[in-house]
Every structure is written in structure tokens, then in C-alpha cells.
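Input: a single structure, listed below in C-alpha cells.
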Amino acid sequence: MHISLRGLAARHPAAAPDSVPALQPVSLDITASEQVAVIGPSGAGKTTLLHALACALRPAAGGLTLDGVDPWTLPVSKLQQLRGRLFLAPQTPPLPPRQRVITAVLAGRLPRQSLLASLRSLIYPTGIAQAESALTRFDLAHKLWDRVDRLSGGERQRVGLARALLSSASLWLVDEPLSSLDPSRAKLAIETLTAAAREAGATLVCTLHQVDVATRFPRVLGLRDGRLHFDLPGAEVSAERLRELYAQHEHELLGGPAAAGDTPPPPPQAPVMYCR
Amino acid sequence: MQEPAAAPALPSPRHRDPAWTGRVFWLLAAAVLVAPALVATEFKPWLLFEPDALKATRRFIADFLPPKIEGEFLWLVLVECWRTVAIATAGMALALVIAIPLTLISTNAISISALGGRMHTLPLFVRQATRWLLIVLRSIPELVWALVFVRVVGLGPTAGVLAIALTYGGMLGKVYGEILESDETHTTRTLLRNGAGRLQAFFYGLLPHSAPELTSYTVYRWECAIRSSAVLGFVGAGGLGQQMDNSMKMFQGSEVATMLIVFMLLVALADQVSAWLRKNLA
């Protein structure tokens, strides 16, 4: 999928309408089946950029086109169809704790399945082989029938990625796919992800905290304070540029985990009142 | 109201309890609020212990003893008991038919237009209208519905079933909606953002999250429906209540006593079943 951003700015949906956008106006083109890594310190606007590309966030200014179409001019049903061709994998794997792994993976097919077919698959899973082969590529085939809440954080993250392989999306937007994986698993996961996207002919946009992984991508976008700091082939991203990008955030450059407080804690939930 | 006067010298201001004034104020405020309510309801408990009242009470209770234990009558009570459970269960089934579609329409969590920021006007209006409908359904007590339906379909269990269906449909719809909204919506929203339909997102994201809570609330309501269907019998909607009403009007205290005991056993049993089900579902 060809992506074109023209002065696109975006802000978090909960932010005040007159606040500074988390993503300042940015213009760039990503051609079909390109693979792009997005790096930058915490709060640089990486996730906001992904959400804007996923049509999950209405632009605050400027615009984007996907294959030449401005998604926000489409009627709701057409926009939803277009969203079926995008795959957004959030950093926290979106898996219901009591669901089984197979169901969670098969949920990747939902946009191209009729409601009846998807309900039928809840009664007895259809496409067991596909789900297993997707999980095999992430070294998780033995967890096919387990419940999600029996998995470790890293396993959940890989299940979330395996879902992408079942989608028929032509744009994959993956947010921090390696955040809870150990180095060897991370290597396997990113290799599988890039190879699978290439096989599917899909464009891959991937935010990363591991700069050594990111610089192996053909193209790297450096974001800082919501602005595009550089847009270079991975091989040309020098140590000097990285130091500039991560100035005052050096601990993140050294491979440390994202600073605590990266995502605000969920608001306390009101208890359900069991009376009438 | 005042600090103990026994203290020879007032303690220094630092040692005085700063919450004391507030506590006294709220105590007095509560009294001021309750007093008119007691006057309005002519609350005079001592009337219970006047000789006339005591005599009537004694006669009524004496009538209860011994409870009537007779093969044929016991069988009748058991049949009515079963009918009460049947009214409750059929009413709940119908209530679910009302509540589930209305919940699906009214819940914000599976809104597609809200993904882009704010929900569009039409879906917002439809959701709000559905919520109002639920409020109307549940704010009319089932007893009133039963009185209406006894006029419409005549004496008998049908009126009870319909009354429970309408009130409980509204109740279930509202609480289901609250359960779904209070759940975390990350999984559901991600499915919607990836292009899934509303119902697909419901079945693959929202339902697996909240199924235990929804089921447990449904079972609890079923238990409530059993108790309430016995009361509905008093206005002619069939079941144990109607039988109890008949016996009371005939001054058959021993029959009433038997039925009360059986009813207590029934409620205890439903309580146990419901607690067991909910424990195993959680």
C-alpha cells in the first residue's frame, strides 16, 4: 500500500483540542511493500504516527492518502472496509485473557470473514492449520490450544504478531513488537515479521526501541518531540545521529526499557452496581 | 453535642479532635431528615403491643400451628412451587430476548464511528434512545405490569411471565450495558480498528472478556425472579403466591404456614444453586 503524508499532524484523542499535537506536521511517502522502522525517545510521537496511519486517529491538520484515497472523506462503512486492509498491532497485545490462543490468532481473519463464518468458527475453529503455521513461525505451535491467560508476556506479544499473518492486510503497523521479548526471541520475531510482510507484499511500518534492530531496516525514520528528525536508509544512520536523536534520553539508546510512565495507568473503574 | 464537661480544664486547641464538629453536624442533620419521614408514615411501633393488637396477632399465629401436612395438599403446593420456578425461568428467557439486542444497540464499546474521535450524531441518538427505552421498561415495577397483564390476558401464569419479561428485560439490558462499558475496551477497539464488524468485535473481543460477569449477573437475577414471581401470584399471576393469597382470604393459617415453609426452602435452594453456579463461573 502506498502511503502519502502531507503536513499530517495528530494529537491523542484525550488531549485538549488546543494543545500541542503529539505529532507535528510531517510529510513523507512510503511506497508499496517498503519496510520502515520508526525510532525515537519515549514521547516522540511514534505511536501517534502509527495510529494516524491506521485511521485510528483523525488528523489534527494536513492529510494522508492510502493508495491515493483520503480515508477521512470516505463514508463510515467504506472507511471500515479500508481498515480491513490495515493491520495495527498495539504494543499491549489485544488478547482477552479467557480466550484461547487459536481464537485470538484467527481473529486476524475477521475483516474478510462474514459474520456467520466467524460465529461458526467460534463453535468449532475453521483454519486450525493456518493458525498453527502462523504460530510455528513464532515458535509457539505448542500453545495452540492454551488459554491466553496461561501465557507469559512475551508469548502474548508473539501471539499478537502471529495474528498479522492471518490478516490479509496490505499495510502492517506494528508498535514495539519486541518490548517484552528476550534478545534471541526478538531476533526470531523481527525476522519472521519482515519476511512474512515481504511474502504478503505488505508495507511494514514498525516502531522500535532497539536501535540496532532498526538500523537493519532499509529505511529508518527518527522522531523526536513529534518532529521528523531524519529519514535515512538504515545503513546511513550513524552513531552521531543516534546520539542527537536520543540527547537527554541516553538510557533508552543503551537498550534500557522505555522509561516507566510511558503509558498512563488506566483510570480506576467504577464498580458495577448490582442493584436495579 | 458538647465536649465532656468533666474535663477540669479545656485541652489545648491542638489536642482537640478536628473532626468532632463535622460528626455532630451530620448526626443532627440525619435526625432532622428522618423525623419528618417518621411523622409522614405514622410510625408508631408501640401500637403493636396494645392488648387488641396482641390478641389479633396471637390468634393469627395460633392459626398457623400446626402447618398442614396432608398428601394431597403437599402435592398441590409442590406443583404450584414448580409453576413459580417455571414463571421465573420463562420470564427470564423472554427478558433475555428483549435485553440482548437492546444491549448490543446501546453499548458504546462497539461503536465504529467513535473510533475516529467522536461518535456521529445518528448512532449517538439511537444509543441514547435505546437507553431511555430500557429505563422506561425497568422503572415500571413488575407488580404494575402484572396488574396490567392480568386485565389483558386474564388470571394465570402468562401475566406473571410477561411482567417479569418486561421489567427484567430493562434491568438486564441496563446492567449488561454497564458491565460491557466498564470492561477494558483495548481488545475490542483493536479489532474494530483492524476492520472487524461490530458483532464480530463483540464476539471475539468483548464477550470473552465479560462472559463470566454477565452470566453470574443473569443467574443472580433468575434467583430474584423466583422470589418476585411468588409475590406476583398475589395479584393473580399464578404460582405459589396466588395459592397463598387464596388460603389467607379463607383464613386457612395452617395452609399458609406450609406454603411459607416450602417457599423459604425454595428460596434457600435457588440461593444455593445460584451461588454454586456463580462460584464455578467466575
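Strands (runs of 3 or more DSSP E) fully within region A:1-52 that include at least 3 residues being of a type outside the set (A, V, I, L, M, F, W, C): A:3-10, A:23-30. Residue check: A:P94 meets all listed conditions (1) of a type outside the set (V, I, T); (2) buried (at least 17 other Cβ atoms within 10 Å of the Cβ); (3) in contact with a strand residue (DSSP E or B) (Cβ under 6 Å, 6 or more places away or on another chain) but one, namely (3).
Run down B:A30, B:A56 and say which single residue is in a helix (DSSP H, G or I), open to solvent by less than 60 Å² (accessible area, probe 1.4 Å) and modelled with pLDDT under 90.
Values: B:A30 fails: modelled with pLDDT under 90.
Answer to the check: B:A56.
Scanning region B:170-180 for residues that are at the interface with chain A (Cβ under 9 Å from one of its Cβ atoms) and either open to solvent by 10 Å² or more (accessible area, probe 1.4 Å) or more than 13 Å from the chain's Cα centre (by Cα) (or both) yields B:K174, B:E178, B:I179. Across region A:159-170, the qualifying residues are those that are surrounded by fewer than 23 Cβ atoms within 10 Å (Cβ to Cβ) and under 20 Å from A:L66 (Cα atoms), and the one among them that is modelled with the lowest pLDDT is A:S168. Scanning region A:58-107 for residues being of a type in the set (G, A, S), over 21 Å from A:L193 (Cβ atoms) and touching a residue at least 40 places away in the same chain (Cβ under 8 Å) gives a total of 5. Of everything in region A:58-89, what is part of a helix (DSSP H, G or I) and more than 10 Å from every other protein chain (Cβ to nearest Cβ)? Give them in sequence order. The answer is A:T73, A:K78. Residue check: is B:Y204 part of a helix (DSSP H, G or I) and surrounded by fewer than 23 Cβ atoms within 10 Å (Cβ to Cβ)? The answer is no for B:Y204. If you go through region A:142-158 one residue at a time, do you hit one that is open to solvent by 20 Å² or more (accessible area, probe 1.4 Å), at the interface with another protein chain (Cβ under 10 Å from one of its Cβ atoms) and touching a Ser or Thr at 6+ places or on another chain (Cβ under 7 Å)? Taking every residue of region A:142-158 in turn, none turns out to be open to solvent by 20 Å² or more (accessible area, probe 1.4 Å), at the interface with another protein chain (Cβ under 10 Å from one of its Cβ atoms) and touching a Ser or Thr at 6+ places or on another chain (Cβ under 7 Å). One residue stands out among those in region A:180-228 that are among the basic types (K, R) and closer than 15 Å to A:L50 by Cα: the one that is least open to solvent (accessible area, probe 1.4 Å), which is A:R224. Given the criteria within 14 Å of chain A (Cβ to nearest Cβ), among the polar types (S, T, N, Q) and open to solvent by less than 20 Å² (accessible area, probe 1.4 Å), does B:S111 qualify? It is true that B:S111 is within 14 Å of chain A (Cβ to nearest Cβ), among the polar types (S, T, N, Q) and open to solvent by less than 20 Å² (accessible area, probe 1.4 Å).
So how many residues does region A:97-110 have that are open to solvent by 60 Å² or more (accessible area, probe 1.4 Å) and more than 7 Å from chain B (Cβ to nearest Cβ)? Residues meeting the conditions: 1. On the given criteria, is B:T89 under 30 Å from B:G253 (Cβ atoms) and either touching a residue at least 24 places away in the same chain (Cβ under 8 Å) or open to solvent by 100 Å² or more (accessible area, probe 1.4 Å) (or both)? When the stated conditions are applied, B:T89 does not pass them. When B:V126 is tested against the conditions (1) modelled with pLDDT of 90 or more; (2) within 22 Å of the chain's Cα centre (by Cα), the lone failure is (2). Taking every residue in region A:35-57 that is away from every other protein chain (no Cβ under 14 Å) and within 15 Å of A:I3 (Cβ to Cβ) and pairing it with any residue that is surrounded by 24 or more Cβ atoms within 10 Å (Cβ to Cβ) and among the basic types (K, R), at least 6 positions away or on another chain, the pairs with Cβ-Cβ distances below 8 Å are A:V38/A:K46. Got at least one residue in region A:111-130 being in contact with a helix residue (DSSP H, G or I) (Cβ under 8 Å, 6 or more places away or on another chain), open to solvent by 10 Å² or more (accessible area, probe 1.4 Å), in contact (Cβ under 8 Å) with a residue 12 or more places away in the chain and away from every other protein chain (no Cβ under 14 Å)? Yes, that holds for at least one residue. Answer yes or no: is there a residue in region A:176-183 that is among the polar types (S, T, N, Q) and closer than 24 Å to A:P25 by Cα. No, every residue in region A:176-183 fails to be among the polar types (S, T, N, Q) and closer than 24 Å to A:P25 by Cα.
Residues are listed down the side, and each one gets a yes or a no for (1) more than 9 Å from chain A (Cβ to nearest Cβ); (2) open to solvent by 10 Å² or more (accessible area, probe 1.4 Å); (3) at pLDDT 90 or above; (4) not in a helix (DSSP H, G or I):
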| position | (1), (2), (3), (4) |
| --- | --- |
| B:Q200 | no, yes, yes, no |
| B:E213 | no, yes, no, no |
| B:S216 | yes, yes, no, no |
| B:A237 | yes, no, no, yes |
| B:D245 | yes, yes, no, no |
| B:S254 | yes, yes, no, no |
| B:L266 | yes, yes, no, no |
| B:A275 | yes, yes, no, no |
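The values are calculated or read from the model by the stated rules, or taken from the named source; none is laboratory data. Just so you know, these numbers come straight off a predicted model, no measurement behind them. Cβ atoms come from the backbone with ideal geometry, glycine included; neighbour counts cover every protein chain shown. Accessible surface is based on the protein model in full, side chains and every heavy atom, while ligands, DNA and RNA are left aside. Shrake-Rupley method; radii C 1.70, N 1.55, O 1.52, S 1.80 Å.
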